[in-house]
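Heads up, the thing below is written out as structure tokens.
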Amino acid sequence: MPQDERIKKLASLLHNAEKITVLTGAGISAESGIPTFRGAEGLWRRHRAEQLATPAAFEKDPRLVWEWYDWRRGIIGSKQPNPGHRVLAGWEKRRPSFCIITQNIDGFHRRAGSENVFELHGNIWKVRCTNEGTVFDNNDTPIGTIPPLCPDCGALLRPHVVWFGESLDMGILNNAFRLSGECDLMFIIGTSAVVQPAASLPLAAREAGSILVEINPDTTPLSPTVDYSFREPSGEILPRIDKALKDLE
Ligand code: BJW
């Protein structure tokens, strides 16, 4: 089917869908200038996520891990949400039941105006006391003293994010599986779909009969399972789908 027709078809599905769930990964923020984790342009190539995003790495060298996060906060803080984030924020306002489940910790969905957002892997602008578990907002860039210490008890603070081997917040994860199992249309945008349990959410949606749409320049392990694949950057294709949707509204 030619691309324009596929976009029109998808716009019509969006127009008629009752429950829409979107799963996003690092790729949706790539056009904002935030490097992804994996692949040829993968950022964190000098320090791979698997090397620093672990409790063992933090235990061994909290300063190194904090320097990595401080550097990333500097990048994220200097960039803006892109048209892809903004289109999704607009759909939340115009569609009846719409949510975003994101693996990203950059906070860009909320900055773009989305409110119904489930952050599976935490948020880089929050810190947590390793002793008391208290969570604080912290927008300092640079963060100041590294590693930062808890203002209440003096223990080490850590980024409020989910590292490999750590449990996700069960409340957020349960909601994510429920919203995946209930939706009739799911978008999977900018994720390599290799990190669990996030990568299982589209399978839950599929099992429940949802239509799956993948937006990613590259194929992923989910690609054979989806109904529609758009092999374009999300910041380009989402505005085109949005324009077709507006023609129906
Ligand atoms: C574009 C684009 C453009 C480019 N437009 N697209 C089952 C089987 C095997 C292993 C496991 C398993 N269950 C658990 C595991 C272990 C592990 C895991 O999954 N390992 C695999 C790697 C093998 N999982 C865990 O340890 C998780 N914990 C856990 O499962 O505990 C058990 C438990 C669960 C639930 C309840 C109780 C207990 C925790 C995983 C935490 C992941 N953390 C990180 C770091 C977060 C903090 C930080 O950012 O520093 O999360 S790792 C990193 O990967 C980050 C990301 O959110 C995550 C996913 O990456 P993402 O978003 O997919 O990015 P990329 O770079 O991989 O892909 C980008 C994509 O965009 C590419 O495809 C591009 O093509 C595309 N793209 N430009 C659209 N313009």
Rounded to the nearest 5, what % of the DSSP beta bridges within the chain are antiparallel ones?
25 percent
Any residue on another chain or 5+ positions along whose placed amide H is under 5 Å from the amide H of L23 is listed here as I101, F187, I188, I189
Accessible area of segment 1-148 with a 1.4 Å probe: how many percent of it is carbon plus sulfur?
49 percent
Whole-Hz ³J(HN,Hα) from phi, Karplus 6.51 cos²θ - 1.76 cosθ + 1.60, for segment 59-72, glycine and proline x
5, 6, 8, x, 5, 4, 5, 5, 5, 5, 5, 5, 4, 5
How many nm is it between the label spots at S78 and S223, if each spot is 7 Å from the Cα in line with the beta carbon?
3.3 nm
Counting only residues 5 or more places away or on other chains, whose amide H sits under 5 Å from the amide H of G122 once H atoms are built in the peptide plane?
V162
Using θ = phi - 60° and the Karplus curve 6.51 cos²θ - 1.76 cosθ + 1.60, what whole-Hz ³J(HN,Hα) does each residue of segment 94-105 get, with Gly and Pro shown as x?
9, 9, x, 9, 9, 9, 10, 10, 10, 8, 7, 10
Calculate the length of the line joining the C-alpha centroid of segment 3-82 to that of segment 191-244, in whole Å.
15 Å
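Treating only the Cβ of Lys, Arg, Asp and Glu as charged (+1, +1, -1, -1), what charge dipole size does the chain show about its Cα centre? Round to the nearest 20 debye.
Values: 28 positive and 31 negative charges, 68 e Å.
Here the size comes out at about 320 debye.
Excluding ligands, DNA and RNA, what is the solvent-accessible area per residue of the chain at a probe of 1.4 Å, expressed in Å²?
Numbers: 11390 Å² over 249 residues.
Per-residue value: 46 Å².
Compare the peptides 88-95, 50-57 by average per-residue count of other Cβ atoms within 10 angstrom and give them in order, highest first.
Sorting 88-95, 50-57 by mean packing, highest first, produces 88-95, 50-57.
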Over its alpha-carbon atoms, the chain yields an Rg and a Dmax in Å of 18.5, 62
Under 5 Å between amide H atoms, partner at least 5 residues away or on a different chain: which partners does I211 have, H built in plane at 1.01 Å?
L185, M186
At what distance in nm do the modelled label points of L64 and E18 sit from each other, each positioned 7 Å from its Cα along Cα→Cβ?
5.3 nm
Putting +1 on Lys and Arg Cβ atoms and -1 on Asp and Glu Cβ atoms, find which of T219, Q80, N123 reaches farthest to the positive end of the dipole of the chain.
Q80
Phi-based couplings in Hz for segment 166-172 (Karplus 6.51, -1.76, 1.60; Gly and Pro marked x)
9, 6, 7, 4, 5, x, 5
Based on the Cα atoms of segment 12-111, what semi-axes does the equivalent ellipsoid have, where each is the square root of 5 times one gyration tensor eigenvalue, given in whole Å with the largest first?
32, 14, 12
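The values are calculated or read from the model by the stated rules, or taken from the named source; none is laboratory data. What you see is a predicted model, and the numbers here were worked out from it, not measured in a lab. Counting neighbours? That spans all protein chains shown, and the Cβs are built from the backbone with ideal geometry, glycine included. We work out accessible area using only protein heavy atoms, side chains counted, and drop any ligands, DNA or RNA first. Shrake-Rupley method; radii C 1.70, N 1.55, O 1.52, S 1.80 Å.
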